[in-house]
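Please treat every number below as a calculation from the coordinates, not as lab data. Treat the numbers as computed from the prediction; the structure is a model and nothing was measured. Here Cβ is always computed from backbone atoms with ideal geometry, including for glycine, and neighbour counts include all displayed protein chains.
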């Protein structure tokens, strides 16, 4: 997972990147990992990260979205065009 990036191309020269990043805790020092989120707009970069609780919340949200989309699409009835 260390060198894998999930990239979404949003628009011209705008990308969203999600990947694992190294971080640490102090007293005592401990190496840890978090989920990094970057928005790249041309030459500008906006950084953020998700701790384990935020990552769990995002996973739940994405699973809920997927479940909703699947149910909606399965229940969708094709429209019949009148000639």
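What does the extension gain come out to for residue 41 and residue 54, with contour length at 0.36 nm per residue minus their alpha carbon separation? Walk me through the numbers before you get to the answer.
Details: separation 13, 0.36 × 13 = 4.68 nm, distance 2.40 nm.
Fully extending the segment from residue 41 to residue 54 adds 2.3 nm.
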One checks the Cα atoms of the chain and finds Rg and Dmax, in Å, of 19.1, 74
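Give the calculated FRET efficiency between residue 34 and residue 9 to the nearest 0.05, with a Förster radius of 25 Å applied to their Cβ-Cβ distance. Walk me through the numbers on the way to the answer.
Working: r = 24 Å, r/R0 = 0.95.
Using R0 = 25 Å, I get an efficiency of 0.60.
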Any idea how far the Cα center of segment 61-83 sits from the one of segment 1-57, in Å?
31 Å
Helical contribution to [θ] at 222 nm, DSSP H n ≥ 4, -39,500 (n - 2.57), averaged over the chain, rounded to 500
-10000 deg cm²/dmol
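Sorted by mean Cβ packing within 10 Å, highest first, what order do the peptides 45-52, 31-38, 74-81, 7-14 take?
On the way: 45-52: 12.0, 31-38: 14.9, 74-81: 6.1, 7-14: 10.0.
For the peptides 45-52, 31-38, 74-81, 7-14, the packing ranking is 31-38, 45-52, 7-14, 74-81.
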